[in-house]
Each structure stands twice: as structure tokens, then as C-alpha cells.
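Everything below concerns the one structure shown next.
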Amino acid sequence: MKILIIEDEHKISSFLKKGLKSEGFTAEAANDGEEGLFMAQEGSFDLIILDIKLPKLDGISVCQKIRQKGMTVPIIMLTAKDEVDDRVRGLDAGADDYLTKPFSFAELLARIRALKRRQTGIVGDKLTLEDLELNQHTCEVKRAGKEIQLSNTEYRLLNYLLENQNRTVSKTAILEKVWGLDFSPESNIVEVYIKYVREKIDKNFDNPLIQTVHGVGYRLCASK
């Protein structure tokens, strides 16, 4: 899980980065709002820890701009103690959760785990979304009870989209996660395989699940 920390207090940022890495996460940090917004848009993060009081661009504005870009990455907002208005504004701007300073690292980890459970439909070895089911143990894929045959690459692509369901993932992130670093960002291999997977899991169903977010990437989410 790749986490972005947007926090201008170096002591807190370093503590969080070190702690998250010790728990097996990949963590990167930005020291101001403008840098954090740029990294959020370019880095394909799985979660963002965002301080509300930042230089150059405040946390509320960063959160709003992230949501305006169509990005659904979970955001935990860090607010000052007893600042109820900040917490309300943060949630209204699109934050998923908040922590008040000072906070315990154990509580932060619990919030991260809760958001991860909320974002994915994981039940045992299965990833599910509506009537789509992928068994990570047997590698079987079914939709509406019908078994669907996928190539190895198609399976890896669908698995990645399901693990990030309801979140927009960029073409670059898909290339890195599914193909590694063997293809350049200019390659159309992602578009080709998105088409292949759509043909198999969406074409003959009334409720398509794969959405194209133009200029951003792709999202697997419940039909409207």
C-alpha cells in the first residue's frame, strides 16, 4: 500500500514515514500543499494523510482539488484539537476520515485498516463487486454465477482494478502494477487490455462496471 503524507511539520512527517515503512507500507512525504497536490496527481497513491494547515496551499483546498480531478483515493485529514469547524470543512471537502493532533500511531493504523476494508469488497480469498467475483486462491472469475475465462494478463488487470474498486487508477499505475517497468507510458497496451476485459465482464451484461475517467485513468465501480 502506497501512502502519501502531506505535512509541513518535519518531526511529525518523519515519524509517520518511518512508522508506516516499519509496518510494511510504502510512504512518501510532501512539505507543503502545492507539492502534495502535485504528488497526489502524479504518484498513484492508495491513501493520503493530509494536514489541514499547510503553507502555499491549505489542506482543504488540496482535498477539494483532488476530488475535482475525479480521484477517489482515501484521505485522512489531520486537524488541530477542538477545531470542530476544521473537521466539518475537511469532511465536506471530500476527506474520508480525520484525526485530531496529537494522535497515537496505533489509532492511525486502525483508521488505515478501516478505510482499506471499506474500499475493497474482500471476503476471505474473494474480491467482489455487485455480481462480479474473483477468487484469488483459485483464480476463478465469475459474473452473475457464470464462469469467465481470462488470460493471465487479463486476470492481473481485473484483480488490480478490483483491489482498487471505486477508485480511479491511472494508466501509469496500471502499467507498473500489471506489467512492471517493461512498457513505456506511451504504450497503448493498457487500453488494449481494458478493451479485452470489458468484452468479457461487461459486454453481455446490463450494468457495466469498468468506467473510463478521461484524462485520468480507469475505475471499476458499481453501476448507477
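The values are calculated or read from the model by the stated rules, or taken from the named source; none is laboratory data. Just so it is clear, the structure is predicted and the values come from calculations on it, not from any experiment. Please note: Cβ atoms are built from the backbone with ideal geometry, for glycine as well, and neighbour counts cover all protein chains shown.
Would segment 10-21 turn up any residue that is outside any helix (DSSP H, G or I) and not assigned by TED's automatic domain parsing to the domain that holds E163? Reasoning before the result, please.
Step one: list which residues in segment 10-21 are outside any helix (DSSP H, G or I), which gives none.
The answer is no; no qualifying residue exists.
Working only within segment 145-169, note down all residues that are of a type in the set (S, T, N, Q) and under 19 Å from K116 (Cα atoms).
N159, N164, Q165, N166, T168
Which one is farthest from P102 (Cα to Cα), of the residues in segment 65-81 that are surrounded by 18 or more Cβ atoms within 10 Å (Cβ to Cβ) and at pLDDT 90 or above?
I66
For segment 21-44, give me each residue that is modelled with pLDDT of 90 or more and either acidic (D, E) or under 23 Å from D86 (Cβ atoms) (or both).
If the condition is that a residue be modelled with pLDDT of 90 or more and either acidic (D, E) or under 23 Å from D86 (Cβ atoms) (or both), then E28, A29, A30, N31, D32, G33, E34, E35, G36, L37, M39, A40 are the ones that fit.
Under 8 Å by Cβ, and 6 or more places apart or on different chains, what pairs join a residue from segment 1-24 that is over 17 Å from G36 (Cα atoms) with one that is among the basic types (K, R) and part of a helix (DSSP H, G or I)?
M1/K116
What are the residues in segment 23-42 that are within 14 Å of the chain's Cα centre (by Cα) and in a loop (DSSP other than H, G, I, E, B), if any?
Matches in segment 23-42: F25 only.
If I go through segment 130-161 residue by residue, how many of them are at pLDDT 85 or above and on the phi > 0 side of the Ramachandran plot?
3
Can you tell which of D96, D86 is buried (at least 16 other Cβ atoms within 10 Å of the Cβ) and touching a residue at least 24 places away in the same chain (Cβ under 8 Å)?
None of the others qualify; the one that does is D86.
Can you confirm whether L175 is in contact (Cβ under 8 Å) with a residue 12 or more places away in the chain, surrounded by 15 or more Cβ atoms within 10 Å (Cβ to Cβ) and touching a strand residue (DSSP E or B) at 6+ places or on another chain (Cβ under 9 Å)? Don't jump to the end; show me each part of the working.
On the way: in contact (Cβ under 8 Å) with a residue 12 or more places away in the chain: yes; surrounded by 15 or more Cβ atoms within 10 Å (Cβ to Cβ): yes; touching a strand residue (DSSP E or B) at 6+ places or on another chain (Cβ under 9 Å): no.
It is false that L175 is in contact (Cβ under 8 Å) with a residue 12 or more places away in the chain, surrounded by 15 or more Cβ atoms within 10 Å (Cβ to Cβ) and touching a strand residue (DSSP E or B) at 6+ places or on another chain (Cβ under 9 Å).
Restricting to segment 1-48, and then to whatever is in contact with a Pro (Cβ under 8 Å, 6 or more places away or on another chain) and crowded, with 21+ Cβ neighbours inside 10 Å, can you tell me which residue is nearest to E163 (Cα to Cα)?
Here the answer is D46.
Kindly indicate whether any position in segment 162-172 is at pLDDT 90 or above and not assigned by TED's automatic domain parsing to the domain that holds V73.
Yes: one or more hits.
Restricting to segment 180-223, name every residue that is surrounded by fewer than 15 Cβ atoms within 10 Å (Cβ to Cβ), modelled with pLDDT of 85 or more and of a type in the set (A, V, I, L, M, F, W, C).
V192, the sole residue that qualifies.
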